[in-house]
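Comments concern the structure below.
Only the coordinates and a few stated rules stand behind these numbers; no lab work does. Computed from a predicted model, the values in this text were never measured in an experiment. So basically every Cβ, Gly included, is an ideal-geometry build from the backbone, and we count neighbours across all protein chains shown.
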Amino acid sequence: MKRKTLFYVLTLVIAMIFLAACGDSSSDKSSSSSDSNNAGSEEKTYTFKLGHEAKEGHVKYTTAEKFKEELEARSNGRMTVDIFPANQLGKEADMLQQLETGTLDFGIISNGTLSGSSEAMNGWFMPFLFDNLEDAAKARETESAKALLKDLENLNLVGFDVFFAGNRHVLSKNPVTSIDDLKGLKIRIPGAPAFEKFWTKIEAGPTPMPLSEVYTALQTGVIEGVDVDLDALLSQKYYETTKNLTLTNHITFPEVVVGSKQVFDSLSAEDQQIVIDAWKAAVDWGIQEAINLEKSRVDEIKALGVNVVELEDTDAFMSIANEIYKEYSSNEAIKAFIEENKK
């Protein structure tokens, strides 16, 4: 009897030792698995989606390609991006919605579209704030410019940076040498509030219209002029119907690099910095490209038979610009941007 009891006691002790050993083994395995997961997350790979509206040859297209190159290099190949140009993912309003919901990772969206949803982004559309793209490029580095981008967080977006399709000028049927030549002019504008205010105060006839409709509208006389950057003038071949270009530099038109806040917030701090640095390098490059092209395009346009003149008398325009500054200064971010960059 005693032997049987001793046997049961020994069996119980052995079983307890065995279970304890299994518990230690399970604990060690869990720890190892956690370490493995941590190591795996450090090497996580990404294929992002980037959408924009431009076709090949536009600075928006080439800047997107530059971002892909920089992102892959800086992440040692862990990050890449599939680019969808020429509205393959829908129009800008559609892409903006995709960015807000996180189904699109990055986008290059025109400020004409963004300024309709973010009042602060109208700061970039203040007339005659910059004489040229070089001045606008310097302004992008200011604290007030960064505050404009921060407003995009209200749309569930991350605003990384801006670059420029070009400064805006006036292409018209008849020569424009003063503000009086613009009164009553039926002129195509982008669909942005600040543009409409500017041209209405000039007493022109501002007409929002998609770029795709402008050529025919010029041909048929629906409009008599276009508020346009030089890239669009050439790529859309408006010079075939309209032969007078006045270099006014009245507004600088940014392209805005944005990301889904939902997607960006899911990245580690290290990976977020890689994305930020890749965009900064790509935008720096894109801005320099735009500056170089702005100079060469004037010569190209002249060679196509367009009469090109520079606006000399800006005093009458500046009084209107100051009115618009005052109106938009009710927004503190825009007010700070004007004050930091006003000449």
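Kindly put ASP284, ASP161 in sequence by how many other C-beta atoms sit within 10 Å of each C-beta, fewest to most. Could the numbers behind the result be given before it?
Values: ASP284 17, ASP161 23.
Lowest to highest Cβ neighbour count: ASP284, ASP161.
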Give the calculated FRET efficiency between THR220 and LYS55 to the nearest 0.05, with a Förster radius of 25 Å applied to their Cβ-Cβ distance. 0.55
Amide H neighbours of PHE84 at under 5 Å, excluding residues fewer than 5 places away on the same chain, with H built from the backbone geometry, are LEU50, GLY51, HIS52
Kindly state, as a whole number, the per residue volume in cubic angstrom of the convex hull around the alpha carbon atoms of region 176-261. 110
Of VAL162, VAL226, SER117, which is farthest on the positive side of the dipole of the chain, counting Cα position, with +1 on Lys and Arg Cβ, -1 on Asp and Glu Cβ, and the Cα centre as origin? SER117
Only four residue types carry charge here, +1 at the Cβ of Lys and Arg and -1 at the Cβ of Asp and Glu. Report the dipole size of region 283-343 about the Cα centre in Debye, rounded to the nearest 20. 40
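Taking GluC sites (Glu not before Pro) as exposed when DSSP calls them loop (any state but H, G, I, E, B) and at most 15 other Cβ atoms lie within 10 Å, what is the longest stretch of the chain free of them, the sites themselves excluded?
Details: sites that count: GLU43, GLU56, GLU141, GLU203, GLU312.
In the chain, the maximal stretch lacking such sites is 204-311.
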When the expected Rg is taken as 2.2 N^0.38 Å, what fraction or multiple of it is the alpha-carbon Rg of the chain? 1.42
Residues with beta-carbon under 12 Å from that of GLY116, excluding GLY116: net charge, scoring Lys, Arg +1 and Asp, Glu -1? -3
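Need the full-extension length gain, LYS91 to ARG74, defined as separation in residues times 0.36 nm minus the C-alpha distance. One decimal, nm. Walk me through the intermediate numbers first.
Working: separation 17, 0.36 × 17 = 6.12 nm, distance 3.04 nm.
Between LYS91 and ARG74, full extension yields an extra 3.1 nm.
Could you give the size of the charge dipole of region 188-314 about its Cα centre, using +1 on the Cβ of each K and R and -1 on the Cβ of each D and E, expressed in debye and rounded to the nearest 20?
Numbers: 10 positive and 21 negative charges, 68 e Å.
My answer is approximately 320 debye.
Compute, for the chain, the length of the dipole vector about the Cα centre, with Cβ point charges of +1 (Lys, Arg) and -1 (Asp, Glu) only. Units Debye, rounded to 20. Please report the intermediate quantities before stating the final value.
Numbers: 35 positive and 54 negative charges, 265 e Å.
Using only the charged Cβ atoms, the result is roughly 1280 debye.
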Simple spin-label estimate for ASP135 and LYS295 in nanometres, 7 Å along Cα-Cβ: 1.8
Most mobile of PHE163, PHE317, PHE198 per a Gaussian network model of the chain (Cα springs, under 10 Å)? PHE317
